[in-house]
Each structure stands twice: as structure tokens, then as C-alpha cells.
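So the structure is just underneath, and the comments pick up after that.
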Amino acid sequence: MPALPPEFAAAADRTACRVAIRAGSKSFFAAGQLLPAEVREAAYGLYAFCRLSDDLVDDAADPAGRRDAVARLEARIGRAYAGRPADAPADRAFSEIVATYAIPEALPRALIEGFAWDAEGRRYADLGALHAYAARVAGSVGAMMALIMGTREPDALARACDLGAAMQFTNIARDVGEDARMGRLYLPLDWMDAAGLDPEAFLADPRPSPALAKVVARLLAEADVLYARAEAGIAALPRGCRSSIRAAGLIYSEIGRVVAAHDYDSVQHRARVGTARKLVLIARAARTPAVAAGLGGPSLPEAAFLIEAVAREPLVPTRRRPALRPWWDVGGRVVHVLDLIERMRERETFGRSAPS
């Protein structure tokens, strides 16, 4: 079969990434619909590669398999940056994105380093160590998204890393029970010790307790501090990108509110934000004006290496970057997102056997 012309091949790869995201993360797909088209397609391509990378490590059967998956991912990043991506839509899209938006190689490599920590079952002695992990698996993605949106100022990138870390802390708080049943523990060990919790005993028999609830509540309080810091960076984004990023932050922080409503028991309950509430939060994000204010200062120390990597990268993209389309019809975009989520809900309710 003859090869597709380059422009059609690139379009096919972007479509494949978009389909993968729609199946893999409904919330991300829906929030992404608020982005300008060029940014949205790049965001989906980036997320597809990150999701593929995470799945490759998670799906490995044993520690040796996970280490092998990490090594293969490191090689794939090298190929993407050399302009010779692996023969897969996500890899080809990723290679195009990092070239077009001048994304330093240190950022995706930081993400893979975080996956390597997962593969080795690393635990985190204190909050600083957990911040170092969050900077890799989430702050790196926040920084790459900011670059795709055209924001390279150090303080704005710091706020993007804050938002990524806040979301990661929320994920950890939500998934305490699920992680423990897989032998994983991300809560700071010194917090557990102060609460009188033995990590090995908890992993052997994960159960909710008032002591565990205090640790989860403490982690969510740290996440809230980061969400508040991140809000200062919204005004630094192009106007057409602000609603989507604010929506993502609002939806994720709402997960923490649901955990709190379950008395911080994320062992017996897995917090979910219902469709109706997501609609409210997305609409709120679209109508909330960004307040011009100070960007809140430098990054957290654990994320500083990401911002420094961007500062060292010359802003000389090897491919033409598409100009952002002007922002228009905010209400129409929100209506489209609400309709999209409603159709997803209907498929989940009435056709669970069908792809969602």
C-alpha cells in the first residue's frame, strides 16, 4: 500500500491521538474542547504519548518488565527528538510537537524518570520527596502544556508545575486504597509515622481509619495551596486557553471535595465528580475572568530543574508553529462541551459494552 502524503499522514496521526484520548480520559477530552483548535490537537498528541508511556509501564507483568518498558520509552524519546520516531501515531505526533514548540528533551525525560520510580516501587520519606515525584510525573506535563500554549516565562511555568503537582496530590489522595491493593504507597512516610500508621501493616490490610483520614486530609490541604498558587498563572496564558486550564483545575480540585465528603475515606470509596457537577464547573471556568496579578514568585525547589531546562532551550522551533486563532464564541464552545459530556454519560449508562 503506498504511503500517505506527509500532510495526510500527520492528520491521521492526530486523529488517532484524539480517538485514544476520547476513550482514555473523558474529563481531559472534554476540557480540551475549550482550547483553540491548534493547541487542542497538540495537547491531545502530547497526552496520548504520555498516556501510552504510563500504560506501557503499568501493564508490565513484573519489576523486570517495568524496567524494560522504561528503557524502551527512553529510547523512543531519543528517536522522537532525532526526528526518527517509532512507527506509531502517538510517537510521530509527539516528535512533531516537541519540534514545533521547542520543548526541551529534559521535560519528557523527567516524566519517564517518574515512571521509573513507579517501576521500582519507590516510597517517599516526606513531602519534599513527594514533590520531587510530582514534579516529574505531573509538573513536567504542566510545563510542556504551557509551552504548547506559547508561555515560556519562568514564573508562568512555575504555576503550570504547581497545577500539575496539585492534580497529582489529588490523584494520590483519591487512590490510596486502590494503590495499596496493588502494593503501592505514595503518602509521605513521616506523616504516616506521626499519625501512628505502619506502612507495611497498612499495605498488608488496607483499611480506613481516623489516622489515615488525617493524612489524606493533610495531603488535600497541600493540594489546595498549589491550586491557589496555580490560579495566578491563568492570566499569563493566551486568552483562548484560560477556560480549559481553569476547568481542569476546578474539576480536579472537586475530586478532593468528594473525598472530604466521604470523611477522607479513599480506601472503601473512590471519589468521582458526577456529570452534572462537571458541567457546572466547566461553565464556571468559561465565564470567570482571569485576574491580572503577580505570578506568585519562583517555582517550588523540586520543580526548578524543569524551568531551568526551558530557559536553556533556544526558542528556535524546527517547524512552523501555527498561530493561535482568536478567541470567540465562548458560550458556543461551552454548549458543545456540555453536549459532549452528556452524550458520553448516555453511552456509559445505556451502552457500557460499547467503546466510550
Hey, Leu203 in contact with a helix residue (DSSP H, G or I) (Cβ under 8 Å, 6 or more places away or on another chain) and crowded, with 17+ Cβ neighbours inside 10 Å or not:
no
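Pick from segment 104-118 the residues that are surrounded by fewer than 20 Cβ atoms within 10 Å (Cβ to Cβ) and of a type outside the set (Asp, Glu): which of them is modelled with the lowest pLDDT?
Residues of segment 104-118 that are surrounded by fewer than 20 Cβ atoms within 10 Å (Cβ to Cβ), as a first pass: 105-106, 109, 113, 116-118.
Going one step further and asking which of them are of a type outside the set (Asp, Glu), we end up with 106, 109, 116-117.
On the way: Ala106: 97, Arg109: 96, Ala116: 92, Trp117: 95.
Among residues in segment 104-118 that are surrounded by fewer than 20 Cβ atoms within 10 Å (Cβ to Cβ) and of a type outside the set (Asp, Glu), the one modelled with the lowest pLDDT is Ala116.
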Determine whether segment 67-82 contains at least one residue that is among the aliphatic types (A, V, I, L, M), under 21 Å from Met149 (Cα atoms) and either modelled with pLDDT under 80 or touching a His at 6+ places or on another chain (Cβ under 9 Å) (or both).
no
Please find, within segment 84-93, the residue that is nearest to Gly150 (Cα to Cα) out of those that are open to solvent by less than 60 Å² (accessible area, probe 1.4 Å) and assigned to a helix (DSSP H, G or I).
Ala93
Checked Gly183, Gly233, Gly196 against criteria (at pLDDT below 95 and more than 17 Å from Gly121 (Cβ to Cβ)); the one match is Gly233
I need the full set of residues from segment 38-66 which are under 21 Å from Leu147 (Cα atoms) and open to solvent by less than 20 Å² (accessible area, probe 1.4 Å), in order please.
Val39, Ala42, Ala43, Tyr44, Gly45, Leu46, Ala48, Phe49, Cys50, Ser53
If only one of Ile172, Ile148 is open to solvent by less than 10 Å² (accessible area, probe 1.4 Å), modelled with pLDDT under 95, in contact with a Phe, Trp or Tyr (Cβ under 8 Å, 6 or more places away or on another chain) and not aromatic (Phe, Trp, Tyr), which one is it?
Ile148
How many residues does segment 204-235 hold that are over 26 Å from the mean Cα position of the chain (by Cα) and either more than 20 Å from Ala271 (Cβ to Cβ) or small (Gly, Ala, Ser) (or both)?
4
Give Tyr81, Tyr101, Tyr124 a once-over and let me know the one that is of a type in the set (Ser, Thr, Tyr), open to solvent by 60 Å² or more (accessible area, probe 1.4 Å) and on the phi < 0 side of the Ramachandran plot.
Tyr81
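Of the residues Val137, Val141, which is open to solvent by 30 Å² or more (accessible area, probe 1.4 Å), in contact with a Gly (Cβ under 6 Å, 6 or more places away or on another chain) and either at pLDDT below 95 or under 26 Å from Val258 (Cβ atoms) (or both)?
Working: Val137 fails: open to solvent by 30 Å² or more (accessible area, probe 1.4 Å).
Every option except Val141 fails the conditions.
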Checked segment 219-265 for anything surrounded by fewer than 17 Cβ atoms within 10 Å (Cβ to Cβ) and on the phi > 0 side of the Ramachandran plot; matches are Asp263
For a quick check of your reading of the model, give me the residue pairs whose first member lies in segment 280-309 and is within 17 Å of Asp162 (Cβ to Cβ) and among the charged types (D, E, K, R), whose second is part of a helix (DSSP H, G or I) and modelled with pLDDT under 95, with beta-carbon atoms closer than 9 Å and at least 6 apart or on different chains.
Glu308/Pro154
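The values are calculated or read from the model by the stated rules, or taken from the named source; none is laboratory data. Given the structure is predicted, the values throughout are model-derived calculations rather than measurements. Don't worry about glycine lacking a Cβ; one is built from the backbone with ideal geometry, like all the others, and counts go over all protein chains shown. Just so you know, the surface numbers come from the protein's heavy atoms only, side chains and all, with ligands and any DNA or RNA stripped out. Shrake-Rupley method; radii C 1.70, N 1.55, O 1.52, S 1.80 Å.
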